[in-house]
Structures are given as C-alpha cells and as structure tokens.
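First the structure, in the form of structure tokens, and then the observations on it.
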Amino acid sequence: MSDNSYLMPAQNGQHEIITSRSRFICHVFRVETVKEANRFIETVRTEHAKANHNPVAYLIGDHNEFGKATDDGEPSGTAGAPMLDVLQRQNIRNCLIIVTRYFGGIKLGAGGLIRAYGSAASVGLQAIGLVRRIQLQSIWLELDYALRDILQSKIVAQGYAVGQVEYSDRVTLEALVPAVEKEAFKKWVVDFSNNSVLVTEGNLSWKELKV
C-alpha cells in the first residue's frame, strides 16, 4: 500500500441490495474533512430517520489521518467495522460510507450482519465507481530546441504527462511523473540526453485517473 496512490469514489451516489428481505442502501460520498463527513451523516440520518440503522465508516486524508466506524445500534462490530474493512483492504480514502438498513423481518445473526454490511459497502462502491488518485512530481526539463520533439515523444510514450511548455533561448518542458518514480525518471533523462538537459524538481500535486 502506497501513500502516493490510492482509490476514492468517482462521485457521490447510492446503491441498494436486498439481503434476507432487509434493504441495505449504501450511500457513498467523496469527503476531505471530518466536518464535511459529519454534514453528510446528519443529512442521511435525517432523510432515513425511520430506518432501523444508519451505521457509518470513513477514511479521510491522503495518508489516512482520520478513520471511524460506528454500528448505530447494530451489535458491536457487525456494521461499521466490516464497512471500514472494505475501505482499508481496497486502499480507498477520502471516502464516507453510510449503509441504511430497513429491517425485513428476518434476523441475520452477527455473521450474517457482517457479511451483509460488508457486501453492501463493496458492491455499492463498485456500482458507483472509483478513481485512482496519484501523487505526481512536477519535473522541469530545460533543453535545446533540437531535442524537444524526440524527448517529448519519449516521455509520452512511457506513459508520463507533459504539462506546461515554455520557450526562450531554450525549451523548458514540465513532465508530470508519479512521485515514487521521480529518481528513476531523472536518471533516464540524464542518460538519454547525455547530460545535456537541466533537470529541476517542481511542486507535488494530486491527479485522478480512471480505473
């Protein structure tokens, strides 16, 4: 598991499954602060005030700074914990899950509840969709005009993005490289250009990619 890359919801949404006649409605939200999460929790619990339970799980922060799981009246460890486990196992962050349960008359037992809440969270996330959020290092490359086209083509061919391009007496390209690959990328540029490119690091940023 890398701190430079993780999954998060592509959008807010909800998805419902039926298990032993009980309705499990999985609400998924993109969140970046605990305050934001609490606002969504209050909204869902107000909207589904007649539901039997509205347990919660979230992981917030690029480095999992905040995590929480609550059972909201279900037996301890049978609702929030399996939902949180889904987030942890799939490395999903900046995500809030609330699973609303409307009891259908059949008791599931502890094991059944754990499976039902875990399934509702997992299936709901997949139905709503995920994106990969990756930390990119901006690397500035100052080079002669004669080298620009071939170097830019090689960068793109290797799957990296080219950002800004500036022109003066030389060309300056911005390459956006996964942070974990920056040292290997810089070495490749130096070797490829016979040390004729001036390489400097820029800022770190986050980008969302389809999965």
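Structure above, values below:
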read-out: So Phe103, is it over 15 Å from the mean Cα position of the chain (by Cα), touching a residue at least 12 places away in the same chain (Cβ under 8 Å) and surrounded by 19 or more Cβ atoms within 10 Å (Cβ to Cβ); value: no
read-out: Any hit, the range 186-208, residues being more than 30 Å from Leu7 (Cβ to Cβ), under 29 Å from the mean Cα position of the chain (by Cα) and modelled with pLDDT of 95 or more; value: yes
read-out: Selection within the range 1-39 - basic (Lys, Arg) and either within 12 Å of the chain's Cα centre (by Cα) or under 15 Å from Glu65 (Cα atoms) (or both); value: Arg30, Lys35
read-out: Within the range 158-185, considering residues that are modelled with pLDDT under 95 and in a loop (DSSP other than H, G, I, E, B), the one farthest from Lys207 (Cα to Cα); value: Gln158
read-out: Candidate set from the range 40-65 (those that are under 23 Å from Gly129 (Cβ atoms) and part of a strand (DSSP E or B)); member that is farthest from the chain's Cα centre (by Cα); value: Val56
read-out: Candidates Ala57, Ala37, filtered to the one that is among the small types (Gly, Ala, Ser), in contact with a helix residue (DSSP H, G or I) (Cβ under 6 Å, 6 or more places away or on another chain) and modelled with pLDDT of 95 or more; value: Ala57
read-out: Test: Leu143 is within 30 Å of Asn203 (Cα to Cα) and either touching a helix residue (DSSP H, G or I) at 6+ places or on another chain (Cβ under 8 Å) or outside the structural domain of Ala175 (by TED's automatic domain parsing) (or both); value: yes
read-out: Whichever residue in the range 166-211 is among the β-branched types (Val, Ile, Thr) and touching a helix residue (DSSP H, G or I) at 6+ places or on another chain (Cβ under 8 Å) and, among such residues, is nearest to Arg132 (Cα to Cα); value: Val177
read-out: Any hit, the range 59-80, residues being closer than 16 Å to Gly112 by Cα, among the small types (Gly, Ala, Ser) and either without any contact (Cβ under 8 Å) to a residue 24 or more places away in the chain or in the same structural domain as Trp206 (by TED's automatic domain parsing) (or both); value: yes
read-out: Where a residue in the range 1-26 is in the same structural domain as Arg93 (by TED's automatic domain parsing) and its partner, wherever it lies, is surrounded by fewer than 16 Cβ atoms within 10 Å (Cβ to Cβ) and of a type in the set (Ser, Thr, Tyr), with Cβ under 7 Å and at least six apart; value: none
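Matching residues to (1) among the β-branched types (Val, Ile, Thr); (2) touching a Lys or Arg at 6+ places or on another chain (Cβ under 6 Å); (3) surrounded by 21 or more Cβ atoms within 10 Å (Cβ to Cβ):
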position	(1), (2), (3)
Pro82	no, no, yes
Gly129	no, no, no
Ile155	yes, no, yes
Tyr160	no, no, no
Gln164	no, no, no
Val171	yes, yes, no
Lys187	no, no, no
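The values are calculated or read from the model by the stated rules, or taken from the named source; none is laboratory data. All values derive from a computational prediction rather than experimental measurement. Here the Cβ is made from the backbone with ideal geometry for all residues, glycine too, and neighbour counts use every protein chain on show.
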